[in-house]
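K.L.:
Attaching a single structure in structure tokens format; questions to follow.
The values are calculated or read from the model by the stated rules, or taken from the named source; none is laboratory data. Source: prediction; values computed, not measured. Every residue, glycine as well, gets a Cβ built from its backbone with ideal geometry; the counts of neighbours run over all protein chains shown.
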Amino acid sequence: MVNTAAVKELREKTGAGMLDCKNALVETDGNIEKAIDLLREKGLAAAAKKAGRIAAEGIVDSYIHANGKIGVLVEVNCETDFVGKTKEFKAFVHDIAMHIAATNPLYLSSDQVDPAVLEKEREILTAQALNEGKPKAVVDKMVEGRVKKYLKDICLLDQPFVKDPSKTISDLVKEQISIIGEKIDIRRFVRYEMGEGLEKKQDNFVEEVMSQMGK
């Protein structure tokens, strides 16, 4: 038998509906932590079901670093104009813009990376591994591992969120889908850095942005 106090506690911790909380506690024999995990799993499953829906509303947000040296524009889509105007959605989008300013991703997702770029990276990493004296039998495995790390570095959705590195940006999007109840897509972004491509003294803008984010 699940008591009302446990249901209330689970609701406060997760924001899920009363009935969902009660069912989760029944399934986990009253274990609050396991029930939280179960609700999270169901939330992510619900997010997956929304993947085929159309997200044509949303906002374009900007982030200009305080010293004026970095600027970001990002478009994030949702399903309804109502959600696009909520402060929660706007705060989420602004966090994404600040993250882009701090980490400088080159692509949105790994499927956008030019295969020629990946092949060139594999060649470089293979040469590095062989120069390190690694046995040829293990070089391929090492290279694939390093390619995956390279993709995490350059692809926004695979990057650890700067405010909470235990989550990737993809995880963050799924959480928002679960909370908001609509499909959310980060559609595109652009990042400008003052003097980019010119020979100049290198300032650590990433550290400046991170400090502004409270890291």
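The rows are residues; the columns are (1) in the same structural domain as ILE64 (by TED's automatic domain parsing); (2) assigned to a helix (DSSP H, G or I); (3) surrounded by 12 or more Cβ atoms within 10 Å (Cβ to Cβ).
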site	(1), (2), (3)
PHE92	yes, yes, yes
ILE96	yes, yes, yes
GLU121	no, yes, yes
MET142	no, yes, yes
LYS167	yes, no, yes
SER178	yes, yes, yes
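K.L.:
How about the stretch 19-38: which of its residues are of a type outside the set (A, V, I, L, M, F, W, C) and on the phi < 0 side of the Ramachandran plot?
P.N.:
At the first step, the residues of the stretch 19-38 found to be of a type outside the set (A, V, I, L, M, F, W, C) are 20, 22-23, 27-31, 33-34, 37.
Within the stretch 19-38, ASP20, LYS22, ASN23, GLU27, THR28, ASN31, GLU33, LYS34, ASP37 meet the criteria.
K.L.:
For the stretch 105-115, does any single residue satisfy the condition of being in a helix (DSSP H, G or I), crowded, with 19+ Cβ neighbours inside 10 Å and at pLDDT below 95?
P.N.:
no
K.L.:
Name the residues in the stretch 88-139 that are of a type in the set (Ser, Thr, Tyr) and farther than 30 Å from TYR192 by Cα, would you?
P.N.:
Within the stretch 88-139, just THR126 meets the criteria.
K.L.:
Among the residues of the stretch 180-194, which ones are hydrophobic (A, V, I, L, M, F, W, C), outside any helix (DSSP H, G or I) and modelled with pLDDT under 95?
P.N.:
Our first condition is that a residue be hydrophobic (A, V, I, L, M, F, W, C); within the stretch 180-194, this holds for 180, 184, 186, 189-190, 194.
If we keep only those that are outside any helix (DSSP H, G or I) as well, we get 184, 186, 189-190, 194.
ILE184, MET194 - these are the residues of the stretch 180-194 that are hydrophobic (A, V, I, L, M, F, W, C), outside any helix (DSSP H, G or I) and modelled with pLDDT under 95.
K.L.:
Quickly run through the stretch 49-78 and pick out the residues that are β-branched (Val, Ile, Thr), surrounded by fewer than 20 Cβ atoms within 10 Å (Cβ to Cβ) and modelled with pLDDT of 80 or more. Break it down stepwise before answering.
P.N.:
Step one: list which residues in the stretch 49-78 are β-branched (Val, Ile, Thr), which gives 54, 59-60, 64, 70, 72, 74, 76.
Applying the additional criterion that residues be surrounded by fewer than 20 Cβ atoms within 10 Å (Cβ to Cβ) yields 54, 59-60, 64.
Matches in the stretch 49-78: ILE59, VAL60, ILE64.
K.L.:
In the stretch 113-171, how many residues are free of Cβ contacts under 8 Å to residues at least 40 places away in the same chain and among the aliphatic types (A, V, I, L, M)?
P.N.:
14
K.L.:
Checking the condition of a type in the set (Lys, Arg), at negative phi, at pLDDT below 85 and surrounded by 13 or more Cβ atoms within 10 Å (Cβ to Cβ), which residue from LYS200, LYS134 passes?
P.N.:
Matching residue, one of LYS200, LYS134: LYS134.
K.L.:
Among (1) modelled with pLDDT of 85 or more; (2) surrounded by fewer than 16 Cβ atoms within 10 Å (Cβ to Cβ); (3) among the charged types (D, E, K, R), there is one condition ASP158 misses while meeting the rest; what is its number?
P.N.:
It is condition (2) that ASP158 fails.
K.L.:
When you check LEU172 against the structure, is it outside any strand (DSSP E or B), at pLDDT 90 or above, touching a strand residue (DSSP E or B) at 6+ places or on another chain (Cβ under 6 Å) and not β-branched (Val, Ile, Thr), yes or no?
P.N.:
For LEU172, the condition - outside any strand (DSSP E or B), at pLDDT 90 or above, touching a strand residue (DSSP E or B) at 6+ places or on another chain (Cβ under 6 Å) and not β-branched (Val, Ile, Thr) - is met.
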